[in-house]
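Derivation of every value follows stated rules applied to the coordinates shown; laboratory data play no part. Note that the structure is a prediction, hence the values are computed from the model and not measured. Cβ atoms come from the backbone with ideal geometry, glycine included; neighbour counts cover every protein chain shown.
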Amino acid sequence: MIDSYGRKINYLRVSVTKKCNLNCSYCGAQNESPENELSAEQIEKIVKAFAQCGITKVRLTGGEPLVRKDICDIAKRISKIDTIKKLALTTNGVLLKDCAKDLKDAGVNAINISLDTTDRELFKQITGRDVLHKVYEGIDECEKVGLLPIRLNAVLIKGQNDNEAESLINIAKERDIDVRFIELMPFSREGEDKSLVITGDEILSRFPFLKPVSANGSDFEKSVARYYEADSFKGKIGLITPVSDKFCNECNRIRLLSDGKVKPCLGSDLTFDLKEVINDDVMLQETIKQAIFSKPMEHKFSCGYGQHHGMNRIGG
Ligand code: SAM
């Protein structure tokens with residue numbers, strides 16, 4: 001469906017839970033309970049209605065999507081919808097080792113793993129848990145069972161983990177894995193402090209050997225990441241710059257939160273409640289169309305993090 005600014009909206013991000021098994025300092029997931037979560041059946045019904053409005057790509061996210069015991073069931077239901085061509089999942093990777101094969105069998109065909117450091121102590125400091133080895137095991141398992149492509153997403157914070165950029169980039173040198181840097185957004189007190197943001201341009205100036213990739217990523221991701229390559233690197237480096245260089249004019253996304261609310265833009269408080277209309281097919285479609293049509297022209301981070309949902313609720 002085309003929104004009121006002429007953008008084709010074909011990508012739905014589904015946050016299946018607010019709960020997370022990590023507690024990243026910049027994200028905002030603290031002791032969230034799973035109340036009012038949509039069931040697998042309800043998610044399937046809503047995604048089907050979105051598919052009828054032109055959604056062809058779905059990403060499962062959270063909170064941490066793998067804390068839901070029925071995540072493979074959810075994936076299976078969505079991948080069976082004829083017009084959904086791409087089903088991706090974003091995870092912190094901690095529980096991935098044990099379910100990578102099941103996710104692949106359930107139809108997940110792309111995986112993003114969030115990893116902000118390769119240093120065990122720093123990982124513990126950022127996330128609150130000493131489980132970096134589990135993330136590595138999850139990555140290895142995805143390669144082993146062919147749950148590909150794998151992308152790593154990192155948020156760098158000045159003075160905290162910005163020195164980790166090099167070792168993260170080296171992963172793309174050695175493995176066929178893209179490593180992407182996402183600018184810190186103001187969804188926590190840390191993100192509110194602009195001086196802590198490492199911009200895409202800063203990364204390019206630190207690593208001048210990175211050269212733009214001419215065909216900028218796959219159709220699925222090209223609206224958000226700018227990709228770079230380097231001689232002898234197996235993977236690419238991606239920059240996602242919502243703070244220093246907005247890409248709203250190319251935004252093709254809409255977000256479903258775990259409680260059934262639709263959020264047309266991550267940087268706006270506008271939501272539409274689909275749970276209220278889930279038993280009325282016509283109203284469900286109408287409300288989705290209204291949400292797409294109400295998508296703001298661009299995100300505004302200026303009103304402060306307190307006015308937004310935390311990232312764990314929005315799903316990144
Ligand atoms: N638990 C999953 C994970 O860790 O990937 C999925 C949810 S998490 C909210 C999705 C992504 O949002 C992660 O890559 C995380 O780094 C990113 N994120 C969280 N807070 C952010 C912020 N303030 N600015 C930029 N990205 C953020």
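If each DSSP helix of 4+ residues adds -39,500 (n - 2.57) and the sum is divided by the residues in the chain, what number results at 222 nm, nearest 500 deg cm²/dmol? Let's see the in-between values first.
Numbers: 10 runs with 88 residues, N = 316.
The helix-only estimate for the chain comes to -8000 deg cm²/dmol at 222 nm.
If you average the sequence gap of Cα pairs under 8 Å that are 6 or more apart and divide by the length of the stretch 44-193, what percent do you get for the contact order?
With pairs under 8 Å counted, the relative contact order is 19 percent.
In what sequence do F50, F187, F233, F209 fall when counting other Cβ within 10 Å, fewest first? Spell out each step's value before the answer.
Working: F50 30, F187 24, F233 21, F209 10.
Starting with the residue having the fewest Cβ neighbours, the order is F209, F233, F187, F50.
Taking the Cα centre as origin and putting +1 on Lys and Arg beta-carbons and -1 on Asp and Glu beta-carbons, what dipole magnitude results for the chain, to the nearest 20 debye? Mind dumping the intermediate values first?
On the way: 47 positive and 47 negative charges, 118 e Å.
Computed about the Cα centre, the dipole is about 560 debye.
Going by Cα centres, the stretch 41-110 and the stretch 124-185 are how many Å apart?
Centre-to-centre distance over Cα atoms comes out at 21 Å.
Any chance you could give the angle, 0 to 90 degrees and rounded to 10, that helix 132-145 forms with the longest Cα principal axis of the chain?
For helix 132-145, the angle is close to 70 degrees.
Using Cα pairs closer than 8 Å and at least 6 residues apart in sequence, work out the relative contact order for the stretch 11-314, in percent.
20 percent
List the pairs from K97/K211; K57/K234; K8/K289; K45/K85 whose alpha-carbon separation is above 22 Å, in the order I gave them.
K97/K211; K57/K234
Using a basic spin-label model with each label point 7 Å from the Cα along Cα→Cβ, how many nm lie between L122 and L270?
If labels sit at L122 and L270, their model points lie 3.9 nm apart.
Send over the semi-axes of the chain's equivalent ellipsoid, whole angstrom and largest first, taken as the square roots of 5 times the C-alpha gyration tensor eigenvalues.
29, 22, 20
Output the relative contact order of the stretch 152-301, whole-number percent, from Cα pairs under 8 angstrom with separation of 6+ residues.
Answer for the stretch 152-301 is 19 percent.
When DSSP assigns beta bridges and you keep just the ones with both residues in the chain, what percent turn out antiparallel, to the nearest 5?
Antiparallel bridges make up about 30 percent of those DSSP assigns within the chain.
Between K246 and K211, what length in nm is gained on full extension when 0.36 nm per residue of separation is reduced by their alpha carbon distance?
Taking 0.36 nm per residue and subtracting the Cα distance, the gain is 10.5 nm.
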